[in-house]
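Q: Shown below is the structure under consideration.
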Amino acid sequence: PADVLARTEGDPSFEAQLARAIAYQRYPDPSASMDILYALIEDAPDDPFLFELKGQFQIENGALDEGIASYRRALEIRPDSPLIMAVLANALVADGTSEGARGAIQLLDVVQQRGPGAPGILQARARAHATLGENGLAALSMAQFHAGRRSYAEANRFAKTARESLPQGTPAWLR
């Protein structure tokens, strides 16, 4: 961070200011970081990725509800972004509520329909299902996660749990 701050000192460009905000967040100096980020958002109020970054910083600084609100704003601006959907889903799962878990699953359904996604999506889905007490679906998600990582022993262990927990013959059981 110190090197970035030194190299960008006095540079008013968007890129330099963004680099400074990130460097201050890593320093950590969240107040300086957020001051810069708020100024960038004021200059570019329709940039969804500034709101996504704001949400990330807020969550890193312990303000989960504010971070969720920032992620929601980012998604309002860019409703087709799987990245924003995924980070919002992870934040909703971290909320630990049934409402958050259901919202996360809805977002993750959309993300997974658009492509294979990152393994973290399956882990978030597993946590959301576990929050809802849907242990068979949580185990299925973890089986898929481990299979994707080629950790077949772990995948088989979770698949067995899913098979024993899910209603026989359902699409989830067949997967």
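The values are calculated or read from the model by the stated rules, or taken from the named source; none is laboratory data. Here the structure is a predicted model, which means the values were calculated and not measured. Neighbour counts are summed over all protein chains in view; Cβ atoms, including those assigned to glycine, are modelled from backbone coordinates with ideal geometry. Calculation scope for accessible area: heavy atoms of the full protein, side chains included, ligands and nucleic acids excluded. Shrake-Rupley method; radii C 1.70, N 1.55, O 1.52, S 1.80 Å.
Q: Suppose each label sits 7 Å from its Cα in the direction of the beta carbon; what would the Asp29-Arg78 distance come out to in nanometres?
A: In this crude spin-label approximation the distance works out to 2.8 nm.
Q: Can you give the local net charge around Asp65? Use residues other than it whose beta-carbon is closer than 12 angstrom to its beta-carbon, Lys and Arg +1, Asp and Glu -1. Intermediate results must be reported in sequence, preceding the final value.
A: On the way: positive: Arg72; negative: Glu66, Asp95.
Around Asp65, the surrounding residues sum to -1.
Q: What list of ³J(HN,Hα) values in whole Hz, one per residue of the range 98-111 in order, does the Karplus curve 6.51 cos²θ - 1.76 cosθ + 1.60 (θ = phi - 60°) give from phi, with Gly and Pro shown as x?
A: Computed from phi, the couplings for the range 98-111 are 4, 4, x, 5, 5, x, 5, 4, 4, 5, 5, 4, 5, 4 Hz.
Q: Starting from the Cα gyration tensor of the range 1-55, take the square roots of the eigenvalues, sort them a ≥ b ≥ c, and report rounded, prolate or oblate (rounded when a/c is under 1.5, otherwise prolate if a/b is larger than b/c, else oblate).
A: On the way: a/c = 2.21, a/b = 1.41, b/c = 1.57.
It comes out oblate by the Cα gyration axes.
Q: Count charges around Val93 for me, please; just the other residues with Cβ under 10 Å from its Cβ, Lys/Arg as +1, Asp/Glu as -1.
A: Numbers: positive: Arg125, Arg127; negative: Asp95.
Surrounding charge for Val93 is +1.
Q: Calculate how steeply helix 48-60 sits against the longest principal axis of the alpha-carbon atoms of the chain, using the helix alpha-carbon long axis, and give the answer as 0 to 90 degrees to the nearest 10.
A: Long axis of 48-60 versus the principal axis of the chain: about 80 degrees.
Q: In the chain, what percent of the accessible surface is made up of carbon and sulfur (1.4 Å probe, ligands and nucleic acids excluded)? Intermediate values should be presented prior to the final figure.
A: On the way: 5020 of 9650 Å².
It is 52 percent, rounded to a whole number.
Q: Once you keep just the Cα pairs under 8 angstrom separated by 6 or more residues, what percentage relative contact order results for the chain?
A: With pairs under 8 Å counted, the relative contact order is 11 percent.
Q: Now, a different point. Contour minus end-to-end for Arg175 and Ala2, with contour as 0.36 nm per residue of separation and end-to-end as the Cα-Cα distance? Intermediate results must be reported in sequence, preceding the final value.
A: Values: separation 173, 0.36 × 173 = 62.28 nm, distance 4.96 nm.
Contour length minus the Cα-Cα distance gives 57.3 nm.
Q: Something else: Suppose all protein chains stay in the model; what accessible area per residue would a 1.4 Å probe give for the range 1-112, in Å²? Don't skip to the end; give the middle numbers.
A: Numbers: 5740 Å² over 112 residues.
Dividing the accessible area of the range 1-112 by its residue count gives 51 Å².
Q: While we're on this one: Test of understanding: what is the full-extension gain from Glu9 to Ala44, defined as 0.36 nm times their sequence separation minus their Cα-Cα distance? Show your work: numbers first, answer last.
A: Numbers: separation 35, 0.36 × 35 = 12.60 nm, distance 2.12 nm.
Residue separation times 0.36 nm, minus the Cα-Cα distance, leaves 10.5 nm.
Q: I would also like to ask the following. Can you tell me how much longer the chain between Gln168 and Asp65 gets when fully stretched, taken as 0.36 nm per residue apart minus their C-alpha distance, in nm with one decimal? Don't skip to the end; give the middle numbers.
A: Details: separation 103, 0.36 × 103 = 37.08 nm, distance 3.87 nm.
Length gained, Gln168 through Asp65: 33.2 nm.
Q: Which of (1) 1, 8, 16, 19, 19, 16, 11, 7, 2, 0; (2) 1, 9, 14, 16, 16, 12, 11, 9, 6, 4, 2, 1, 0; (3) 1, 9, 18, 22, 23, 16, 8, 2, 1, 0 is the computed P(r) over Cα pairs in 5 Å bins from 0, in percent for the structure on display?
A: Computed from the coordinates, P(r) over Cα pairs in 5 Å bins from 0, in percent corresponds to (2).
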